[in-house]
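I have placed the structure first, in the form of structure tokens, so that the comments after it can refer back to it.
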Amino acid sequence: MLAAGLLTPATRATAGAPGTISGHVTLATRLRGVPIATNAYAPRAVTQQATPATPELRSVIVYLKDAPFSGPLPLSRTQIRQEGESFSPRVVAITRGSTVEFPNFDPYFHNVFSLSGAATFDLGRYPDGQSRARQFTRAGVVKLYCHIHSQMSATVLVLDHPYFVSPDPDGRFTIPAVPPGEYSLVGWHERVGEYATHITVSSGQTTAAELSLPVTEAR
């Protein structure tokens with residue numbers, strides 16, 4: 001059963017061939033005025049900045065809570081663009097030690113800073129055509145803002161394992177090469193935090209999973 005705040009890890013890996021998690025995320029409607037139990041934090045208001053070309057589901061990350069992983073983490077180098085006085089994409093997930101670039105595509109200065117526990121930094125102001133980069137060396141949720149444009153916000157989820165994915169625009173997702181065992185599978189969104197369900201991954205098998213996040217408010 002899905003539940004907000006189900007954040008205690010249920011990880012218990014076992015020996016055997018890896019399995020696959022394949023599932024679907026839906027964005028559910030919550031009643032107007034009903035508070036959401038959330039571990040998301042926002043020193044500034046988190047608004048719906050995503051452009052019509054960016055589905056809300058692209059701001060969801062699906063991952064295994066505290067999944068064990070041995071060996072060197074696969075590293076990546078990704079971008080969060082500054083354009084139209086917004087960060088794009090609004091949410092990215094990376095492995096610890098990976099780097100995010102922040103190119104400025106607007107005809108004016110931008111800035112990127114964070115006061116998060118997992119990363120506190122300020123990349124300073126820089127103009128159109130320039131870029132700054134930051135390596136993220138600690139796992140956690142990193143909220144990003146711009147000193148110049150207070151409405152701008154984004155999130156970097158830094159994880160200690162590679163078992164995560166952003167769903168397709170239709171909500172479908174696949175996490176491959178998962179060691180068999182019991183896990184908490186989490187769907188994360190910046191406005192509601194973590195919603196989780198317990199799953200069991202069997203050796204060499206595909207495990208089906210459904211996640212529902214109360215992101216949209218009833219009119």
Testing the spin-label approximation: label points 7 Å from Cα along Cα→Cβ at THR26 and ALA139. State their distance in nm.
3.1 nm
Defining a contact as two alpha carbons under 8 Å apart and six or more residues distant in sequence, what relative contact order in percent does segment 70-160 show?
31 percent
Any idea what % of Cα-Cα pairs in segment 70-160 are farther than 19 Å?
33 percent
GLU210 to SER131: FRET efficiency via 1/(1 + (r/R0)^6), r the Cβ-Cβ distance, R0 45 Å, to the nearest 0.05?
0.70
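Of SER153, SER22, how do they rank once you tally other Cβ atoms within 10 Å and put the fewest first?
SER22, SER153
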What FRET efficiency comes out for the pair GLU182/TYR108, r = Cβ-Cβ distance, R0 = 35 Å, nearest 0.05?
0.10
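Bear in mind these aren't lab numbers, they're just calculated from the coordinates by the rules spelled out. Given the structure is predicted, the values throughout are model-derived calculations rather than measurements. Positions of Cβ are generated from backbone atoms using ideal geometry, with glycine treated the same way; all protein chains shown enter the neighbour counts.
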